[in-house]
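Structure record follows, encoded as structure tokens.
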Amino acid sequence: MKMEDWYNFVTEIGNSFLNAYLPIVEKRKDLSYTEAQKNWQEIRRGRYVEFNLVHDKGTLFGLKTNGRIESILMSLPPHVQWVYNHRPEKGSAEEKLIQTLKNPIDWL
């Protein structure tokens, strides 16, 4: 493929994003959530932070080369939780998510 083909491909994806995403937002914008769901979200965000600080090459590079800490960490979520050895309730949607993440489906 030529560079122009890659550019056109990425541009088309970008131009299609709102058409795909806005109907999802419209459908879900008024859904309420429970405190338990908010806690789960913050626990998952904690795992994201853990990944960034331990494994992400860009974050590690910035930290190891005396990058501006505030700039490096400002992309992290504002509210997180770290719960030691957290295990979702058996049969819950959260447990199903964890199992899916551990055993992804090969759609191809």
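Quick look at the values:
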{"item": "Segment 2-22 and segment 34-75: distance between their alpha carbon centers, rounded to Å", "result": "28 Å"}
{"item": "Distance (nanometres) between label positions extended 7 Å along Cα→Cβ at residue 37 and residue 89", "result": "1.4 nm"}
{"item": "Among 20-33, 42-55, the order from most to least packed when residues are scored by Cβ within 10 Å on average", "result": "42-55, 20-33"}
{"item": "Rounded to whole Hz, the Karplus (6.51, -1.76, 1.60) HN-Hα couplings of segment 91-108, x for glycine and proline", "result": "x, 7, 4, 5, 5, 4, 4, 4, 5, 5, 5, 6, 10, x, 7, 8, 6, 8"}
{"item": "Carbon plus sulfur fraction of accessible area for the chain, probe 1.4 Å, in percent", "result": "58 percent"}
{"item": "Stretch gain in nm, segment residue 47-residue 30, where the contour uses 0.36 nm per residue and the Cα spacing is subtracted", "result": "3.4 nm"}
{"item": "For the chain: accessible area per residue (Å², 1.4 Å)", "result": "91 Å²"}
{"item": "Segment 11-20 - phi-based ³J(HN,Hα) in whole Hz, Karplus 6.51/-1.76/1.60, Gly and Pro as x", "result": "4, 5, 4, x, 5, 8, 4, 4, 4, 7"}
{"item": "Per-residue ³J(HN,Hα) for segment 42-53, Karplus 6.51 cos²θ - 1.76 cosθ + 1.60, θ = phi - 60°, Hz, x for Gly and Pro", "result": "5, 5, 5, 4, x, 5, 4, 4, 4, 4, 4, 6"}
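The values are calculated or read from the model by the stated rules, or taken from the named source; none is laboratory data. Keep in mind that what you see is a predicted model, and the values were worked out from it rather than measured. Glycine gets a Cβ as well: all are built from the backbone with ideal geometry, and neighbour counts include every protein chain shown. Ligands, DNA and RNA are excluded from the accessible area calculation, which covers all protein heavy atoms including side chains. Shrake-Rupley method; radii C 1.70, N 1.55, O 1.52, S 1.80 Å.
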